[in-house]
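Right, one structure below, let's go through it.
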Amino acid sequence: MKPVLGYVMFDSDILIEMASDESLLQSVLGLQTEGILRVVITHVQRNQLAGASSQATRDKNQRVMDLLKPESVATTASVVGLSTIGEAEVGGDEEDFTDSMGLGAMKKNILKYKSDALIACAAFAKTNLLITNDADLRNHVSTQWPQFPVWSLTNLRTWCQSEGAK
């Protein structure tokens, strides 16, 4: 019996990689079909994928979304100018939120860090695993929540080749 990963959140960089790597995409789709993982996504990631610079890239990203059919989850905080009404939980103030993630750069109003924090907090609260190739994000999450698993693309590929293939 294969181990179950449960609810998994792929950071946008991994979803973009799937758009260019059919083998990886098919592996993840197979794991979904077998009930080994369920993909969840926030509005932040959807917006990042839709914001690709070229129409061809946006189309490839949309194909991944159409095939994966990820379950939408609300972010656990909201950030003015970034969050979408109805797709972000309201509560706490932004200062507490940025402090909880330990991302001092967020206070400099850099949207990338705020996006990362929203994704990380949602993953921690609503999933079993976050997969990202963003080393800074992995390090911040591992520091903030040491028991929460965060994988890189390499970890995912290795798992798919070993456990996922059983």
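The values are calculated or read from the model by the stated rules, or taken from the named source; none is laboratory data. Note that the structure is predicted; figures quoted are calculated from it, not measured. Positions of Cβ are generated from backbone atoms using ideal geometry, with glycine treated the same way; all protein chains shown enter the neighbour counts.
Take Leu15 and tell me if it is more than 14 Å from the chain's Cα centre (by Cα), of a type outside the set (Lys, Arg) and part of a helix (DSSP H, G or I).
Details: more than 14 Å from the chain's Cα centre (by Cα): no; of a type outside the set (Lys, Arg): yes; part of a helix (DSSP H, G or I): yes.
Considered against the rule, which asks whether it is more than 14 Å from the chain's Cα centre (by Cα), of a type outside the set (Lys, Arg) and part of a helix (DSSP H, G or I), Leu15 comes out as no.
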Ser78 is checked against (1) modelled with pLDDT of 65 or more; (2) under 30 Å from Arg157 (Cα atoms); (3) surrounded by 11 or more Cβ atoms within 10 Å (Cβ to Cβ); (4) touching a Gly at 6+ places or on another chain (Cβ under 9 Å) and fails just one. What number does that condition carry?
(2)
Glu71 meets each of (1) exposed (fewer than 15 other Cβ atoms within 10 Å of the Cβ); (2) at pLDDT 90 or above; (3) touching a helix residue (DSSP H, G or I) at 6+ places or on another chain (Cβ under 9 Å); (4) of a type outside the set (A, V, I, L, M) with one exception, condition (3)
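Residue by residue, here is whether (1) modelled with pLDDT of 90 or more; (2) surrounded by 15 or more Cβ atoms within 10 Å (Cβ to Cβ); (3) under 23 Å from Leu129 (Cα atoms) holds:
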{"site": "Leu37", "(1), (2), (3)": "yes, yes, yes"}
{"site": "His43", "(1), (2), (3)": "no, yes, yes"}
{"site": "Gly51", "(1), (2), (3)": "no, no, no"}
{"site": "Gln55", "(1), (2), (3)": "yes, no, no"}
{"site": "Asp59", "(1), (2), (3)": "yes, no, no"}
What pairs come up if the first residue lies in region 18-29 and is farther than 15 Å from Gln62 by Cβ, the second is among the aromatic types (Phe, Trp, Tyr), and their beta carbons are under 9 Å apart, counting only those six or more places apart or on different chains?
Val28/Phe10
Between a residue in region 47-67 that is touching a residue at least 40 places away in the same chain (Cβ under 8 Å) and any residue that is buried (at least 16 other Cβ atoms within 10 Å of the Cβ) and not in a helix (DSSP H, G or I), which pairs come within a Cβ distance under 7 Å, given they are 6 or more apart or on different chains?
Asn61/Ala52
Filter region 34-57 down to residues that are in a helix (DSSP H, G or I) and over 24 Å from Ala122 (Cα atoms), then give me how many there are.
3
